[in-house]
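Participant: Quick one: the structure is below, questions incoming.
The values are calculated or read from the model by the stated rules, or taken from the named source; none is laboratory data. Keep in mind it's a predicted model, so treat the numbers as computed, not measured. Counting neighbours? That spans all protein chains shown, and the Cβs are built from the backbone with ideal geometry, glycine included. Remember, those area values only see protein heavy atoms, side chains included, never the ligands or the DNA or RNA. Shrake-Rupley method; radii C 1.70, N 1.55, O 1.52, S 1.80 Å.
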Amino acid sequence: VEDVAGSWLKELLGLPAHASVGFTTGAQGANTVGLAAGRWQVLHRAGWDVGRDGLFGAPPVQVIVGAERHATVDRAVRLLGLGERSLVEIPARPDGAMDVGALPDALEPGGPTIVCLQAGNVNTGACDDLEAAIEAAHEAGAWVHVDGAFGLWAAASSRTAHLVRGVELADSWSCDGHKWLNVPYDCGYAFCAHPEVHAAALAYTASYLTGQVAGREFGGGDFVVESSRRARGFATWAALRSLGRSGVAGLVDRNCELARRFAAELGALDGFEIANDVVLNQVLVRAGDEALTTRLEQAIHDDGTAWLGGTTWRGERLLRIAVSNWSTAPADVDRTVAMLARLRADLAGRAGG
């Protein structure tokens, strides 16, 4: 089931057919797996066997990241023993994507280097210029990992695929099924363009396990951190079998359209301002100062019409709308906008009183 679902995912997301696939707990697990494979490979190129010799005395590994990367990348770096001092931060553009023009200056040709790119900024939805960044990184001999927790799904639609142009050129990728595929939590995916590296970094053997013999095919638990794990592939297989390629594309398109509807309706109201260019399904809403925004967020939760949370982006507290549910309809957007307008007017009236 995992083999079939994995092949469908690769086709849907525009990834190489020969890539290996590990079914992880989520994007955190997938990012950790991708960086583990990258760590193994860049140190192997430098003449160091990290699996045998560990990290003591190993050549230092440089991990290049965007200023607005997801926190799971930093956590993976800590878990893998590379340490946060290995991080080299590239400034972000106004939309939150990496300023790829600054990447070449950070690359050290010949040194063990992993470049972490992002498909889908968690706040703005912006995607790094993957094609240009991957080309620059590979010229310097770096491993490229793409954190595509939700943004990688853009590849499923012809309307948004341009946002991840060149994604197939990377070395490893992470993606999460509980977002746009709408499967339960505990359904993440780690892909690697180099299955032998993927297995070298993650696989293990034990005398009592069936098939643990020399020359065996790797798969399943060889591509993830967990040994005991639930059958995550079934939920993914069922969702993809039900939706098909056109169904997933339609889901992405509808959610992006509804995000634009949110931005248009809220942007037209007094007291609200849209803080980002809506490129995928993320909408940042400026509804007042931090105190009012915090009270409004709590009022939204108490009201129960819809659920949306707050975020802090570039030092400012904002409301964050992420449209990803398969059942969300235009009427839901209209009701939510009306609710936001009502709650904000009520809070502003109390403050004025």
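Participant: Can you tell me the 0 to 90 degree angle between the C-alpha axis of helix 290-303 and the longest principal axis of the chain, rounded to 10?
Facilitator: 90 degrees
Participant: Something else: For A67 and H18, FRET efficiency with R0 = 35 Å and r from the beta-carbon atoms, rounded to 0.05?
Facilitator: Working: r = 33 Å, r/R0 = 0.95.
After rounding, the FRET efficiency stands at 0.60.
Participant: Same structure again: Which value in deg cm²/dmol, rounded to the nearest 500, describes the helix-derived mean residue ellipticity at 222 nm for the chain, given -39,500 (n - 2.57) per DSSP H run of n ≥ 4 and division by the residue count?
Facilitator: Counting only the DSSP helices, I get -12500 deg cm²/dmol.
Participant: Count charges around E290 for me, please; just the other residues with Cβ under 15 Å from its Cβ, Lys/Arg as +1, Asp/Glu as -1.
Facilitator: Net local charge, E290 excluded: +2.
Participant: Let me check against my output: what whole-number percent is the relative contact order of the chain, with C-alpha pairs under 8 Å and at least 6 apart? Numbers along the way, then the final one.
Facilitator: Working: 686 pairs, mean separation 66.5, N = 353.
Relative contact order of the chain: 19 percent.
Participant: A further question on this structure: Roughly how many percent of the accessible protein surface of segment 1-81 is carbon and sulfur, given a 1.4 Å probe and a whole-percent answer?
Facilitator: 56 percent
Participant: Determine the share of segment 206-353's accessible area contributed by carbon and sulfur atoms, expressed in whole percent, with a 1.4 angstrom probe.
Facilitator: Roughly 51 percent of what the probe reaches on segment 206-353 is carbon or sulfur.
Participant: Roughly how many Å² is the accessible area per residue of the chain, as a whole number, for a 1.4 Å probe?
Facilitator: Each residue of the chain exposes 44 Å² on average to a 1.4 Å probe.
Participant: Continuing with the same structure: Using alpha carbons only, how many degrees (0 to 90, rounded to 10) separate the axis of helix 330-352 from the longest principal axis of the chain?
Facilitator: That helix lies at roughly 60 degrees to the long axis.
Participant: Roughly what angle does helix 130-139 make with the longest principal axis of the chain, taking Cα atoms, 0 to 90 degrees, to the nearest 10?
Facilitator: Tilt of helix 130-139: around 30 degrees.
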